[in-house]
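First up is the structure itself, then whatever we jot down about it.
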Amino acid sequence: MNCKKCDSPVEQNEMFCANCGEKNPDFKEDGGSAFSSYDNGGKKKKGVAKIAVVAVAALAVAGVAFAGINVISGMCISPKDQFKKAVRSDIDSSVSFLGNVIDTTKEKYKLYEEGIGTTGSVSLEVSPEGKSALESEFPYYMSEISWLDNFTINYQGNMSDKAANFDLNTLINGKEFMDANLYFDNEKVQVKLPDLSDDVITADIGDLSSDLGYGGSFGIFDALGKNIALMNATPDSKRINKITAKYTDIILKGIKDVERTSDSVSAEGINVKATKLTASISGEEARDLKIEVLNQLIADEDIKEILTGYQDVYENMPGKALEYGDSDIYGEFIDEIKSELEFVEYDTLHDIKYSVWIGSGKKIMARELLVDDKKVMLLKTPMKGSDLGVEFTAMEDSSDIKFGGKGKINGSNIEGDFVLEAGGKTVYIKSNKFDLKKLEEDKTDIEVELSTSADEEYGDYSLFVKLLGDSKKKTITVDLKKKGQSLVKIESYEELAKMTGINELDGKKLSSDSYADIMAYMAGIKSDKFIEKLRKTDIPKEYVDILESQLP
C-alpha cells in the first residue's frame, strides 16, 4: 500500500509513513494469535506463554523502533536542518565523483611522467555511399575512389616528456602500403621510410613549431611536461573534500529561513511525490555570506598551497615564456579578493531562493534557483522504478539552454532519448549506454548517437560515438551516417604499457634544409621495389603510374 499523503510505500505494520510521518490508517499489529494455544494449558504452559508474548512484544517494539528511525527523524527534524542535511549530502556526492575522477587522472599522468609504451591502430572504413560523397573532395585526376574500402595505420612506440619514437605500418584494403619510422624530441624530427630509402630525413623542430604558429621557445613536449606538472600540483580527492567542506559550512550556516511543503516533481510524464524545501536568503544576508567567504579565501592555507604549487609549475617550465610564467598567481588572486571586499558594500543586493525536492529515498530529485524571483536554473530528475525523467533549464539574458528527455537507469547505466537546445540549435542525443560508475573510475562505457532536426542543414546526418576502456586500454568508434546509412567509420584502439626505450633512428642523417641532402636522398630512393609493392595493392594502376613517373 502507499501513504495517503505522499504516495510513498508503507507496510501494513508501519504506524507512520517513513517519508512524511503521516499516520497509517490501515495500521495493524502483527503477532499474538500464534501463541493463543498456550492459554488453555496449565500453570507451566501459562508461564511459557507469558515469556513468549513478552519476548515477541520486545522484538516487535525493537523492530518498530529500528524501522521508525526515519519516521521519527522526519517528524522531529526542522525544515532548516532537513534542507542542510540534503544539500550537504548532495554536495558530498558530487565532490566525491569529481575527486575520484581527479585521482584516477593523476594516476594516469604518472604513466606519462615515467614514460609509456603504446600500441594501437587507427582505421577508416568507407561505404559505397561514403565514397560518392568523398569523391567530390579529391583532385580531378583522383576523383574515382570506388576501389578504396578501408585505410589502416598500425603503430607502436614509446613516449616520455622528453622524446618519442613510433613505428608505423599502413594498409589499404588490408594490403601492405607503406611503413614509416619516426623520432622526435624538443629539438629535431627524424623520419625514415624503409620502403623508399635506408637514409633518415631530419628537420629542426623550432622551424616546424614556427610554421605551425607556436613560439620557437615552446618545444613540442613542453605542453605534455606542463600537463604532467599541473596534474601533480592538482589537489587530490581528500584535499578537495576538505576545501569544499569549509565553504559548504559557511553557506549552510547562513541559511536561516527554510519553508517545507508537500509537493511533487514531474518530468517527461514521470511524476513523484516529494517534500519541497525552500531556503530564502535576503540581499543583506547574501552580502554577509559573500564577505565571510572572501575572508576565508584570504586566510585559507589550502588555497595558498595549491596556487603556489601552480606558480612553481609555470616558473620551472623551459624558457619561462609560457602564460603566467612571470606573474604571481597567488598574489594576484589575493589582490582580486581584497578588491572584491573593498567594494562589496556597493554591490547590488539580490534576494535568493534555492529550492530542493526530496523523495522517499532522501535524495534530491529537483533543484531550482531564483534571483529576485527570476528563475535562473531548474533541474528535475524524478525516478519511478527504473524510469528516469530529466528536465534542465539554465536562463541567460539572450537565450535559454535546455536539456531534457526520458530514459531508464539499469544499475549505473543510463539509456534513453534526450534533447539539447542552445543558441537556436537542437541536438538529439540517443543514449544506448552511458555508465556513470565507470566514468567515475576513469573508465568509459558510452554509446550515443547525435543528430539534428530534419529541417536543419545537416538534418539527414547523424554521428554515432562509442567509447570503451580505461586509462590503459581504450577503443573509440565514430561513425558518420546519412539517413541511418554509414558513410565513413573511424575506429581506433590503444593500449599503454611501460616504456621500453626511446632511440634515434639508424641510418645516414640528411637535413631537409639542405638542397644537397635532399638530392642525395632522392638519388638513393628504391623506387622499383616500392612501385612493385604498390602494384600488389588495390590502388588503381593509373594512380601508381602517375606516382612512378614522379620518382627517380
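The values are calculated or read from the model by the stated rules, or taken from the named source; none is laboratory data. Treat the numbers as computed from the prediction; the structure is a model and nothing was measured. Don't worry about glycine lacking a Cβ; one is built from the backbone with ideal geometry, like all the others, and counts go over all protein chains shown. For the accessible areas, the whole protein counts, side chains as well, though only heavy atoms, and no ligand, DNA or RNA atoms are used. Shrake-Rupley method; radii C 1.70, N 1.55, O 1.52, S 1.80 Å.
Among the residues that make up region 409-429, is at least one of them among the charged types (D, E, K, R), open to solvent by 40 Å² or more (accessible area, probe 1.4 Å), part of a strand (DSSP E or B) and in contact with an Asp or Glu (Cβ under 7 Å, 6 or more places away or on another chain)? So far as region 409-429 goes, no, none of its residues is among the charged types (D, E, K, R), open to solvent by 40 Å² or more (accessible area, probe 1.4 Å), part of a strand (DSSP E or B) and in contact with an Asp or Glu (Cβ under 7 Å, 6 or more places away or on another chain).
Taking Glu504 as the residue in question, decide whether it is without any contact (Cβ under 8 Å) to a residue 40 or more places away in the chain and open to solvent by 80 Å² or more (accessible area, probe 1.4 Å). In short, no.
Please verify whether region 340-355 includes one or more residues that are under 14 Å from Ser264 (Cα atoms) and crowded, with 18+ Cβ neighbours inside 10 Å. Checking region 340-355: at least one residue is under 14 Å from Ser264 (Cα atoms) and crowded, with 18+ Cβ neighbours inside 10 Å.
Taken together, Val122, Val64 contain a single residue that is of a type in the set (A, V, I, L, M) and modelled with pLDDT of 85 or more, which is Val122. The C-beta contact set for region 507-531 (first residue β-branched (Val, Ile, Thr), second residue open to solvent by 60 Å² or more (accessible area, probe 1.4 Å), distance under 7 angstrom, 6+ apart or interchain) comprises Ile525/Pro552; Ile531/Glu548. Quick check, is Lys437 surrounded by fewer than 18 Cβ atoms within 10 Å (Cβ to Cβ) and in a strand (DSSP E or B)? Here the answer is no, as Lys437 does not meet what is asked.
Kindly evaluate Ser486 against the criterion of being more than 20 Å from the chain's Cα centre (by Cα) and either in a strand (DSSP E or B) or within 23 Å of Glu129 (Cα to Cα) (or both). In short, yes.
Looking at region 442-454, can you tell me whether even one residue there is exposed (fewer than 15 other Cβ atoms within 10 Å of the Cβ) and free of Cβ contacts under 8 Å to residues at least 12 places away in the same chain? Yes - at least one qualifying residue is present in region 442-454. When the criteria are applied in full, Ser132 fails the requirement of being out of contact with any Cys (no Cβ under 9 Å at 6 or more places or on another chain), farther than 30 Å from Leu193 by Cα and at pLDDT 85 or above.
Assessment of region 503-516 against the conditions (outside any helix (DSSP H, G or I), in contact with a strand residue (DSSP E or B) (Cβ under 7 Å, 6 or more places away or on another chain) and under 27 Å from Lys175 (Cβ atoms)) yields at least one matching residue. Give the residue that is surrounded by the fewest Cβ atoms within 10 Å (Cβ to Cβ), with candidates limited to residues of region 455-495 that are touching a residue at least 24 places away in the same chain (Cβ under 8 Å) and hydrophobic (A, V, I, L, M, F, W, C). So the residue we want is Ile490.
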